[in-house]
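A short write-up of the structure that comes next.
The values are calculated or read from the model by the stated rules, or taken from the named source; none is laboratory data. This one's a predicted model, so the numbers in the text were calculated from it and none came from an experiment. FYI the Cβ positions are ideal-geometry reconstructions off the backbone, even for glycines, and counts take in every protein chain you see. With ligands, DNA and RNA removed, areas are computed over all heavy atoms of the protein, side chains included. Shrake-Rupley method; radii C 1.70, N 1.55, O 1.52, S 1.80 Å.
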Amino acid sequence: MIEIPDSYLQQLISWRRQFHQYPEPGWLEFFTTSKIADLLQEWDYKIYVGKELNASERMGLPSGTMIEQFYAAAKNAGANENWLSKMEGGYTGVMAVLETGKPGPTICYRVDIDALPIFESTEVEHLPNRLAFRSQNDGFMHACGHDSHIAIGLGLAEQIMQHRNQLKGTIKLIFQPAEEGVRGAASIVESPLFDDIDYFFALHIGTGVEAGKFIAGTAGFLATSKFDATITGIAAHAGGVPEEGKNALLAAAQATIALHSLPPHSKGSHRINVGTLHAGQGRNVIASTAQLQLEVRGETTEINAFYENAVKEIFAGIEMMYGVQVELKKVGQAISVPSSKALSAILAEVAGSLQIPYEEYSNFNSGSEDATFFMDRIQKYGGLATYSIIGTELAAGHHHEKFDIREEDMLTAIKIWLNTLLKLQ
């Protein structure tokens with residue numbers, strides 16, 4: 001067993017608070033990626049950055065203006081230009097590879113690195129504000145724990161190098177962009193870098209699991225599809241010639257009602273939500289445009305596909321009913337994949353040996369996760385994959401302006417992952 005001193009927690013806290021101050025949303029993690037890559041290179045890993053990782057089209061890519069804005073900000077903040085040159089156009093994320101030179105399995109760990117478009121609380125009782133590590137990018141915040149995931153990934157990477165003489169095979173660590181909105185994994189998973197994985201690990205901190213407890217494997221997250229819909233009609237004077245207009249606002253409202261009226265599915269739970277609807281130009285104008293952001297989720301990939309098809313049928317009907325045009329664009333997707341029970345059992349055994357309270361396998365499926373794309377590919381290639389949860393005490397729920405974690409739980413995650421790596425040698 002590999003012992004990690006409790007004092008190492010201070011290094012994890014330092015990293016976590018540094019990244020907490022500089023949150024960047026999906027496909028815009030220029031500064032974050034650069035700083036991670038600097039450390040991985042310092043530790044002598046082989047590094048793949050940005051365009052070296054992406055293998056297919058990216059979903060939910062921000063506007064060119066936002067890409068330029070965040071790229072310039074990262075450059076001005078001192079991001080390594082060697083890495084920035086590989087991220088132009090919004091190609092972010094980094095993978096580290098260690099080839100030990102000894103025959104053994106290929107083991108991959110994945111953590112996510114993006115933040116959310118949330119204005120972080122400025123109230124005195126909010127710990128990051130009180131201790132001066134609150135977000136410096138107003139309007140964006142690490143409100144889901146990805147800053148702690150970065151610290152866990154970096155801590156694992158450093159500990160691996162410190163104990164590399166005890167290890168065999170190949171070890172890969174992927175710091176994935178654009179998990180929020182489930183956009184990043186699908187564009188990376190087809191990279192040849194994932195062809196040979198024998199064991200794959202991903203995790204999340206919090207999610208309602210009590211502090212100190214470890215969930216070794218989950219039975220699957222909700223599959224999901226995210227859409228942006230743009231409805232184009234014809235403007236007209238609302239008092240003078242309303243019959244000449246094609247009302248995009250009414251079309252959008254009808255679509256919203258129809259979507260939320262879809263029936264339940266006999267084979268499992270589902271979710272539907274139209275999160276935003278913006279339409280119209282003025283009170284006396286027949287609205288010519290409308291934009292909607294919506295999502296569907298299903299307990300299984302098949303159930304999600306059923307509702308995804310229903311979305312397409314509804315908007316096709318709206319086009320005919322209102323004489324408008326609809327552009328429907330998928331901007332995010334995740335599937336439902338259960339953890340490999342054999343690998344979950346190994347993680348649980350390691351947690352038990354470390355005197356960490358654990359649950360071997362959980363039916364947790366309240367959210368969605370694009371790590372499932374990696375899990376699916378590894379399992380189809382004959383490997384084992386699992387998604388774990390590290391319990392913690394939360395100051396507020398995920399995606400909340402006062403979100404914060406109990407930082408000592410980061411060290412627990414590294415202890416389990418590192419000793420599982422040793423066990424698989």
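Some values worked out for this structure:
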read-out	value
Lone qualifier among LEU40, LEU61 - being open to solvent by 10 Å² or more (accessible area, probe 1.4 Å) and among the aliphatic types (A, V, I, L, M)	LEU61
Checklist (1) touching a helix residue (DSSP H, G or I) at 6+ places or on another chain (Cβ under 8 Å); (2) open to solvent by less than 30 Å² (accessible area, probe 1.4 Å); (3) over 30 Å from PRO23 (Cα atoms) applied to LEU384, failing item	(2)
Count of residues meeting criterion [closer than 28 Å to VAL337 by Cα, open to solvent by 10 Å² or more (accessible area, probe 1.4 Å) and among the polar types (S, T, N, Q)] in the range 144-192	1
Subset of the range 110-143 (residues that are in contact with a strand residue (DSSP E or B) (Cβ under 9 Å, 6 or more places away or on another chain), surrounded by fewer than 22 Cβ atoms within 10 Å (Cβ to Cβ) and basic (Lys, Arg))	ARG134
Hey, ALA37 hydrophobic (A, V, I, L, M, F, W, C) and out of contact with any helix residue (DSSP H, G or I) (no Cβ under 6 Å at 6 or more places or on another chain) or not	no
Filtered residues of the range 198-233 (kept if more than 21 Å from ARG271 (Cα to Cα), assigned to a loop (DSSP other than H, G, I, E, B), open to solvent by less than 10 Å² (accessible area, probe 1.4 Å) and of a type in the set (A, V, I, L, M, F, W, C))	ALA216
Residue within the range 77-99 that is among the basic types (Lys, Arg) and either touching a Cys at 6+ places or on another chain (Cβ under 6 Å) or closer than 25 Å to GLN162 by Cβ (or both) present	no
Matching residues, the range 323-368, being under 30 Å from ALA287 (Cα atoms) and surrounded by fewer than 20 Cβ atoms within 10 Å (Cβ to Cβ)	GLY323, GLN325, GLU327, LEU328, LYS329, LYS330, VAL331
THR412 vs. criteria within 24 Å of SER7 (Cβ to Cβ), open to solvent by less than 20 Å² (accessible area, probe 1.4 Å), touching a helix residue (DSSP H, G or I) at 6+ places or on another chain (Cβ under 9 Å) and of a type outside the set (A, V, I, L, M)	no
Qualifying residue in the range 234-254 (condition: farther than 30 Å from ILE286 by Cβ and either open to solvent by 30 Å² or more (accessible area, probe 1.4 Å) or of a type outside the set (Asp, Glu) (or both))	no
In the range 280-307, the residues that are open to solvent by less than 40 Å² (accessible area, probe 1.4 Å) and either touching a helix residue (DSSP H, G or I) at 6+ places or on another chain (Cβ under 8 Å) or of a type outside the set (S, T, N, Q) (or both)	GLY280, GLY282, ILE286, ALA287, SER288, ALA290, LEU292, LEU294, VAL296, GLY298, ILE303, TYR307
Within the range 340-389, considering residues that are closer than 14 Å to GLY217 by Cα and of a type in the set (Phe, Trp, Tyr), the one modelled with the lowest pLDDT	PHE364
Qualifying strands (runs of 3 or more DSSP E) (wholly inside the range 73-178; at least 3 residues being modelled with pLDDT under 95 and over 24 Å from the mean Cα position of the chain (by Cα))	none
Tabulated pairs, the range 1-27, first farther than 10 Å from PHE133 by Cβ, second open to solvent by 30 Å² or more (accessible area, probe 1.4 Å) and among the hydroxyl-bearing types (Ser, Thr, Tyr), C-beta under 7 angstrom, 6+ apart or interchain	MET1/SER353
Matching residues in the range 18-63 - criterion: being within 15 Å of the chain's Cα centre (by Cα) and not in a helix (DSSP H, G or I)	PRO23, GLU24, PRO25, GLY26, TRP27, LEU28, GLU29, ARG58, MET59, GLY60, LEU61
LEU249 at pLDDT 95 or above, of a type outside the set (Val, Ile, Thr) and assigned to a loop (DSSP other than H, G, I, E, B)	no
